[in-house]
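To start, the structure under review is shown below, and the notes come after it.
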Amino acid sequence: MSTTTPPGWYPDPGPAPGAPPHERWWDGHSWTGHTRPAAGTPVAAAGLPGAPVMPGRVRRGPLVAAGVGAAVLAAALAVGGVLVLRGADGATGTDARPTRPAPRGSESAAPPGDVAQDPSLGIGLPVPGAWERGGDGAASVHSEVTYDCPVTERPECVRGGASVQPLDKGWRGQEPRRIAQLLAVRNAERAYPASSYGGIVRHEVTASGDVTIAGGPGYRVRWRIENKSGPDAHVETVVFRSPHDQRQLLTLFSSVDIADDAPPATDLDRLRDGIVVTAPGRESGDHKSV
């Protein structure tokens with residue numbers, strides 16, 4: 001493969017038919033999953049109502065989390081596990097390369113300041129290498145690697161993911177520690193539903209305690225789970241107060257499979273410690289509190 005083209009944003013070589021112009025990030029060696037609208041192109045909504053649109057994949061279909069209702073779709077997408085990614089043609093990428101010449105020996109690079117931001121929450125998640133954004137306007141990311149779910153044997157599963165979600169007002173008045181302990185069960189079951197992984201047969205708490213997140217105090221609970229079918233996994237639940245409104249509680253759900261091609265468990269720490277506080281925008285109404 002050519003190494004003469006420097007990292008940068010280039011016209012997407014494999015856009016979906018009829019889609020507005022996009023640019024894709026070339027890391028110096030290959031195309032990544034990072035995309036953005038081309039300059040001067042308005043961003044149009046797509047996909048199912050309330051469902052984020054996955055960038056970085058050619059002609060991907062709507063996102064569906066198995067075993068989870070529409071009201072908690074965003075939270076389910078947060079933590080890896082089931083995610084329908086295949087489009088109508090099953091395409092997963094492109095072999096096209098940018099043709100702009102450059103000096104030989106350019107090094108690979110990630111998009112500068114790559115953060116999946118949620119303007120309504122004023123929060124952003126870092127996008128580690130081998131991860132990609134979960135959708136425009138959402139503080140969610142997932143691993144680039146997909147595989148056939150163990151039970152359904154369909155290409156609906158990803159090796160890891162994370163998302164920041166607002167908690168329902170009913171949780172107000174409770175301590176983050178108590179909430180994190182209660183949500184840990186739901187987090188694990190949504191990330192690895194029995195319909196795709198056969199059910200969680202056992203778990204152990206591998207880490208818990210106070211953490212600093214988004215510049216303030218929070219509490220985390222991390223489990224290692226064993227699934228009846230498929231890989232074991234690390235699942236983490238963090239509860240913290242919004243840096244913009246101390247009355248608003250937020251949760252970071254994250255998980256990674258334990259597999260050779262999965263992100264390392266240390267990426268969960270990178271995601272948690274790398275949360276960015278941004279200027280909050282107007283509520284979009286797209287969020288479903290958990």
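What follows draws every value from the coordinates through simple rules; no lab data is involved. Note that this is a predicted model, so its numbers are computed, not measured. Cβ atoms come from the backbone with ideal geometry, glycine included; neighbour counts cover every protein chain shown.
Computed values, structure above
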{"read-out": "12 Å beta-carbon shell around Asp261, net charge (K/R +1, D/E -1)", "value": "-2"}
{"read-out": "Label-to-label distance, nm, for residues given as His203 and Asp261 (7 Å Cα→Cβ offset)", "value": "2.7"}
{"read-out": "Share of pairwise Cα separations in the range 138-182, more than 13 Å, in percent", "value": "69"}
{"read-out": "Inter-centroid distance (Cα atoms) of the range 165-202 relative to the range 110-150, Å", "value": "20"}
{"read-out": "Residues in the range 210-239 that a label on Thr278 would reach, taking backbone N under 18 Å of a point 7 Å out along Cα→Cβ", "value": "214-215"}
{"read-out": "Lys/Arg +1, Asp/Glu -1 at C-beta; the range 156-290 dipole; positive extreme among Val205, Pro193, Tyr219", "value": "Tyr219"}
{"read-out": "Simple Cβ-charge dipole of the range 149-234, Lys/Arg +1 and Asp/Glu -1, about Cα centre, in debye nearest 20", "value": "180"}
{"read-out": "Fully extended contour minus Cα-Cα distance, from Gln246 to Ser229, at 0.36 nm per residue", "value": "2.0 nm"}
{"read-out": "Long-range HN-HN contacts of Arg159 with modeled amide H, under 5 Å", "value": "Ser143, Val145"}
{"read-out": "Relative contact order computed over the range 118-267 (Cα-Cα under 8 Å; 6+ residues apart), in percent", "value": "22"}
{"read-out": "Estimated dipole of the range 172-290 in Debye, rounded to 20 [Cβ of Lys and Arg +1, of Asp and Glu -1, Cα centre]", "value": "560"}
